[in-house]
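**Student:** Structure below; questions to follow.
Coordinate-derived values only; no laboratory data. What you are looking at is a predicted structure, and each value in this text was computed from that prediction instead of being measured. Heads up, the Cβs are rebuilt from the backbone with ideal geometry, glycines too, and the neighbour counts pull from every protein chain shown.
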Amino acid sequence: MKSVFFKITVGVAMASFLAACSPMSENSLLTDDISDPTSHNMNTDPNSTELFLQADKTNLGSTSNGSAVEMSGNCFASTYPTHKITAAVGNTAKYIFDITSSANTSTSTSGTCRNGRFNIAIKAANLTVGSNTITLTIRGYDSSGNENTSGNGSTQFSVTRAN
């Protein structure tokens, strides 16, 4: 036999659930009114403030001449028709491997953001012996080919080349 307390608790829980599912105002999302799809507007204009790169790990440790340094993380290219991720050490652009691309060669100067992720490698031979700071930058290109960047569209990695 169930206690009176249990019956009251179940009753209150069911009443709360039913109250939560009923519309509270004219603009409630919880309604069976048919909406007008022509009134739904989505701004698809490219926005440079939405360009975004975030490293999974910024300190990559040390490497040697014969290896490659892999950099990965989260990214967003906004609604730009085309974009690219470039790598530089200081002011010098570096050739990279875009691991997410099928055209995986070390003669490319840019990578891409795919499904919200980037995965790029650079040959250690392209780095100087000692401490290096690699800067990745995402650049969006609008339909006219104008380049756009953002403060959130850049991330840095630290790596030391031993020999």
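**Student:** What percent of all Cα-Cα pairs in the stretch 50-161 falls in each 5 Å bin, counting up from 0?
**Tutor:** 2, 13, 24, 25, 20, 10, 4, 2, 0
**Student:** Then there is this: Quick one: net charge around residue 65, please, counting Lys, Arg +1 and Asp, Glu -1 for every other residue with C-beta under 14 Å from its C-beta.
**Tutor:** Surrounding charge for residue 65 is +2.
**Student:** With a sphere of radius 13 Å drawn around the Cβ of residue 117, what net charge do the other residues whose Cβ falls strictly inside it have (Lys, Arg +1; Asp, Glu -1)?
**Tutor:** Taking every other residue near residue 117 into account, the sum is -2.
**Student:** Could I ask something else about it? Give, as a single signed number, the net charge of other residues whose beta carbon lies under 13 Å from the beta carbon of residue 93, with Lys and Arg counted +1 and Asp and Glu -1. Can you show the working numbers first?
**Tutor:** Details: positive: 84, 94, 139; negative: none.
Net local charge, residue 93 excluded: +3.
**Student:** Which stretch or stretches of the stretch 68-92 have amide N atoms under 13 Å from the point lying 7 Å from residue 42's Cα along the Cα→Cβ direction?
**Tutor:** Answer for this model: 79.
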